[in-house]
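A.B. asks: Can you keep this structure in mind? I'll have questions shortly.
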Amino acid sequence: MASIEVSNKQVILKDYVTGVPKESDMLIKCTKLPLQLKDGAQDILVKNLYLSCDPYMRGRMKNIASYFTAPFTPGLVINGHGISKVVISNHPEFKQGDLVAGFTGWEEYSIIPEGRGMRKILHTDVPISYYIGALGLPGHTAYIGFFKVSSPKPGETVYISAAAGAVGQLVGQFAKLHGCYVVGSAGSKEKVDLLKNRLGFDDAFNYKEEPDLNAALKRYLPNGIDIYFENVGGDMLEAVLENMNIFGRIAVCGMISQYNLEQGKGIKNLSQIIIRRIKMEGFLEPDYAKTYPEFVEKVKGYIKEGKIVCMEDITDGLENAPAAFVGLFHGKNIGKQIVRICDDK
Ligand code: NAP
């Protein structure tokens, strides 16, 4: 019997990207996909519901090995984390109708070889989009970066850059639950207001309005910084190093200000690491797969008890995915940037 063919819109990377990514670096291609799987392999065919826009994907648009996975291939569909529904399964662990989270294509339907990298979503008592946000890569990153890398103690002072983003918003809320004094920075008044009035940060400031970041940090953190959660790098890192307390910790999560530069900015005052006996540690979420179950259990509990707020910025339509992704590099997103292809109804 002939299989049904569905239309399958895809986001294609045109070519490797230099500088700040643009919508025109990607194109939308209309293709068709037969709703069938090859015999023999334990593949699954999924309908994609939500896609995650993540800064690391920028690294995959260069023709060099990036820290997460291989570069994208120009001319082919790009991929990343998403939430999908199983349409056909040849895999014993997945059945039709299962909701799954994991690596998928930026397209309407994807075939996932051997179901690789897909986790079944077992609990739908929170919005399923959270599994690419607060309960996915950004949430887990915030959790390990704060609790495992930063060695926090109640009463300590925590500073977070890109604080109104997917990771930053959660780091701040975890730090408040832990009894810390929390200050964040972000790139607009609206974000600063949200940090202070909705997410419970003790203070926040708009770094774009501060001509002297060192002076701003002294003003907002007069007792110095015990923990810096680094999301941006560059000038901010230089200013932070002048404001760290002795035996402070810097959890180096990301350096988004450097991702579009051909030549990264040199940091002039690294000697402060010695003078102030700072522990600075880079970390990557995939190295902490073992803590994922503990993290989901704990953070789902916080969400259900109303102890944390999960801000999502949802863009509708696959055709708007390039703009949503590019927006990350202009600070357009408030909270976790997601693309909704369709909901799970
Ligand atoms: P996000 O904060 O939701 O989005 C990126 C934000 O960065 C933007 O909204 C913008 O906010 C800010 N930004 C963009 N360009 C900037 C620039 N040139 N200088 C300063 N700020 C800039 O992204 P996210 O998913 O939470 O990721 C935050 C950081 O964590 C990124 O560096 C990412 O690469 C990293 N990360 C690391 C891991 C890991 O395993 N280590 C995992 C996930 C994410 P403003 O309005 O504040 O400018």
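A.B. asks: Under a point spin-label approximation (7 Å from Cα along Cα-to-Cβ), what is the Ser151-Val309 distance to one decimal in nm?
C.D. replies: Those two pseudo-labels are separated by 3.3 nm.
A.B. asks: What spacing in nm lies between the two simple spin-label points modelled at Cys30 and Lys95, each 7 Å away from Cα in the Cβ direction?
C.D. replies: 3.7 nm
A.B. asks: Mind checking the per residue accessible area of the chain for me, 1.4 Å probe, whole number of Å²? Present the calculation step by step, with values, prior to reporting the outcome.
C.D. replies: Numbers: 15390 Å² over 345 residues.
Accessible area per residue: 45 Å².
A.B. asks: Leaving ligands, DNA and RNA out of it, report the carbon-plus-sulfur percent of the accessible area of segment 137-286 at a 1.4 Å probe.
C.D. replies: About 54 percent, which is the carbon plus sulfur part of the accessible surface.
A.B. asks: Moving on to the next point. Given H placed on each backbone N at 1.01 Å, which residues far from Ala204 in sequence or on other chains put an amide H within less than 5 Å of it?
C.D. replies: Residues meeting the criterion, in which the H sits 1.01 Å from N, are Gly184.
A.B. asks: Got a number for the accessible area of Ile338? Probe 1.4 Å, square angstrom, nearest 10.
C.D. replies: 0 Å²
A.B. asks: Right, here's the next one. Val126 accessible area, nearest 10 Å², 1.4 Å probe?
C.D. replies: So the heavy atoms of Val126 present about 10 Å² to solvent.
A.B. asks: Of the listed peptides 35-41, 329-335, what is their order by residue-averaged count of other C-beta atoms within 10 Å, with the highest listed first?
C.D. replies: Ranking, from highest mean packing down: 329-335, 35-41.
A.B. asks: Okay, moving on. Residue by residue through segment 161-174, which ³J(HN,Hα) values in whole Hz follow from phi under the Karplus form 6.51 cos²θ - 1.76 cosθ + 1.60 (θ = phi - 60°), with glycine and proline marked x?
C.D. replies: 8, 6, 6, 9, x, 4, 7, x, 4, 7, 4, x, 6, 5
A.B. asks: Past the 27 angstrom mark, what percentage of all C-alpha to C-alpha distances in segment 137-286 do you count?
C.D. replies: The calculated P(r) of segment 137-286 puts 12 percent of pairs beyond 27 Å.
A.B. asks: Using a ≥ b ≥ c from the Cα gyration tensor of the chain (square roots of the eigenvalues), is it rounded, prolate or oblate, where a/c under 1.5 gives rounded and otherwise the larger of a/b and b/c decides, a/b for prolate?
C.D. replies: The shape class here is prolate.
A.B. asks: Another question about this same structure. Multiply the residue gap between Ser7 and Ala215 by 0.36 nm, knock off their C-alpha separation, and tell me the result in nm, one decimal place.
C.D. replies: Contour length minus the Cα-Cα distance gives 69.3 nm.
A.B. asks: Could you give P(r) for segment 140-219, binned at 10 Å from zero, as whole percent values over all Cα-Cα pairs?
C.D. replies: Calculated P(r), rounded to whole percents: 20, 53, 26, 1.
A.B. asks: Right, another one. Would you mind checking segment 140-154 for residues with the amide N under 20 Å from a putative spin-label position 7 Å along Cα→C-beta of Lys290?
C.D. replies: 140-152
A.B. asks: Rounding to the nearest 20 debye, state how big the charge dipole of segment 122-220 is about its Cα centre with +1 on each Lys and Arg Cβ and -1 on each Asp and Glu Cβ. Walk me through the numbers on the way to the answer.
C.D. replies: Working: 10 positive and 9 negative charges, 23 e Å.
Dipole of segment 122-220, to the nearest 20 debye: 120 debye.
A.B. asks: Still on this structure, I have one more. What does the accessible area of Asp203 come to, in Å² to the nearest 10, when a probe of 1.4 Å is used?
C.D. replies: Result for Asp203: roughly 40 Å² accessible.
A.B. asks: Given R₀ = 22 Å, FRET efficiency for Glu190-Glu23 by Cβ-Cβ distance, to 0.05?
C.D. replies: Efficiency for this residue pair is about 0.45.
A.B. asks: Right, something else. Going by the alpha-carbon gyration tensor, a ≥ b ≥ c the square roots of its eigenvalues, is segment 21-169 rounded (a/c under 1.5) or, if a/c is not under 1.5, prolate (a/b greater than b/c) versus oblate?
C.D. replies: Oblate.
A.B. asks: Using unit Cβ charges (K, R positive; D, E negative) and no other charged atoms, how large, in debye to the nearest 20, is the dipole of the chain about its Cα centre?
C.D. replies: On the way: 40 positive and 39 negative charges, 70 e Å.
The dipole magnitude comes to about 340 debye.
The values are calculated or read from the model by the stated rules, or taken from the named source; none is laboratory data. Quick caveat, the model's predicted, so the values are computed rather than measured. Glycine also receives a Cβ, built like all others from the backbone with ideal geometry; neighbour counts cover every protein chain displayed. Heads up: the accessible areas ignore ligands, DNA and RNA and are worked out on the full protein's heavy atoms, side chains in. Shrake-Rupley method; radii C 1.70, N 1.55, O 1.52, S 1.80 Å.
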